[in-house]
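The values are calculated or read from the model by the stated rules, or taken from the named source; none is laboratory data. Owing to the predicted nature of the structure, the values given are computational and were not obtained by experimental measurement. Cβ sites come from the backbone with ideal geometry, for glycine too, and all protein chains shown count toward neighbours. Accessible surface is based on the protein model in full, side chains and every heavy atom, while ligands, DNA and RNA are left aside. Shrake-Rupley method; radii C 1.70, N 1.55, O 1.52, S 1.80 Å.
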Amino acid sequence: MSYKSIKTEIHDRVGLIRIDRPKALNALNSTVMSELGQALKVFDADAQIGAIVITGDSRAFAAGADIKEMVDATAAEILQSEPIERWDLIREVKKPIIAAVSGWCLGGGNELAMACDMIIASETAKFGQPEINIGVIPGAGGTQRLTRAIGKALAMEMVLNNRHLNAEEACRYGLVNRVVPEEIYLEEALKLADEIAKRAPLAVRMGKEMVNQAFESFLAGGMADERRSFYFLFSTEDQKEGMRAFMEKREAEWKGE
Ligand code: DAK
């Protein structure tokens, strides 16, 4: 299968997906989200594949959803847009997914990494939920999974004041599994995926499902509420101003309306 904005490879029993929009710091536009969904489905259905790795490049895992694509969206359009289904699809994948993260891991990028089952970070990884800078909030788990992973105090700072975590902090606070030098972060993720892929497939599947159940009880309600708040913000002037200011490379002027 050939894709436009991602690349896929098979390493023995591991399926690798690389997000491939380096000029836009791998911002997750609808093509990426749609292709990511397709690739995950293909690997999940392939009996030869036992685990999946998602990565970007050394500069960015992904700097968030594509702001240029969202700037003029209305609340109704965002609510009806097909990529929402893609954000949900990752939760349906039965095989373990490891995010191999280097560089920027922001907004929707961090939400994508957190939707994976484990995160291997390079020393240069930087995690954040900067949506507040552009007049919105996280819309794909950034207020929910993040809070569960690192606790309320830090999650508040990240969501309300764009506090970033460096790789060492992200590891200390439980967001990532481990931090390794940039030269080997992908290799390390592939190695971990390969080890898991060789284990008893049904036990791995049940193990993933059960750990997620422990982590995600009550998550669905929280995700739905988060998404409604996110949609609502697309009916505000501040969302338009925030996203336009990003594109025009200037400071936003907030009106609170
Ligand atoms: N979208 C589009 N383009 C982006 C981008 C993004 N998120 N991030 C970076 N780029 C582009 C820049 O515009 C620039 O393009 P050109 O100007 O060269 O054409 C290029 O990538 C390189 O970026 P910079 O020149 O800005 O690079 P710097 O090293 O100076 O800065 C940075 C790196 C990561 C600090 C900066 O690029 C930045 O602040 N980026 C935006 C980060 C951000 O705000 N991310 C959150 C986006 S909102 C949904 C659920 C969830 C979401 C959406 C929908 N549904 C359920 C429907 C998620 C929303 C978000 O993620």
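Things to note:
- Checked against (1) within 9 Å of the ligand (Cβ to nearest atom); (2) part of a loop (DSSP other than H, G, I, E, B), Thr124 passes all but condition (1).
- Glu257 more than 16 Å from the ligand (Cβ to nearest atom), open to solvent by 80 Å² or more (accessible area, probe 1.4 Å) and assigned to a helix (DSSP H, G or I): no
- Among the criteria (1) surrounded by 24 or more Cβ atoms within 10 Å (Cβ to Cβ); (2) more than 8 Å from the ligand (Cβ to nearest atom); (3) within 26 Å of Lys68 (Cβ to Cβ), the one Ile98 does not fulfil is (3).
- Assessment of segment 59-76 against the conditions (touching a helix residue (DSSP H, G or I) at 6+ places or on another chain (Cβ under 9 Å) and more than 16 Å from the ligand (Cβ to nearest atom)) yields no matching residue.
- Within the set Arg148, Arg163, Arg227, the sole residue that is of a type in the set (Lys, Arg), assigned to a helix (DSSP H, G or I) and open to solvent by 40 Å² or more (accessible area, probe 1.4 Å) turns out to be Arg148.
Per-residue answers, yes or no, for (1) assigned to a helix (DSSP H, G or I); (2) touching a residue at least 24 places away in the same chain (Cβ under 8 Å):
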{"residue": "Val179", "(1), (2)": "no, yes"}
{"residue": "Ala189", "(1), (2)": "yes, yes"}
{"residue": "Asp194", "(1), (2)": "yes, yes"}
{"residue": "Val204", "(1), (2)": "yes, yes"}
{"residue": "Ala214", "(1), (2)": "yes, no"}
{"residue": "Ser235", "(1), (2)": "no, yes"}
{"residue": "Phe246", "(1), (2)": "yes, yes"}
{"residue": "Arg250", "(1), (2)": "no, no"}
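- Qualifying residue in segment 129-145 (condition: more than 9 Å from the ligand (Cβ to nearest atom), within 12 Å of the chain's Cα centre (by Cα), closer than 21 Å to Asp20 by Cα and crowded, with 21+ Cβ neighbours inside 10 Å): no
- Within segment 204-220, being open to solvent by 40 Å² or more (accessible area, probe 1.4 Å), more than 15 Å from the ligand (Cβ to nearest atom) and not aromatic (Phe, Trp, Tyr) holds for Arg205, Met206, Glu209, Met210, Val211, Asn212, Gln213, Ala214, Glu216, Ser217.
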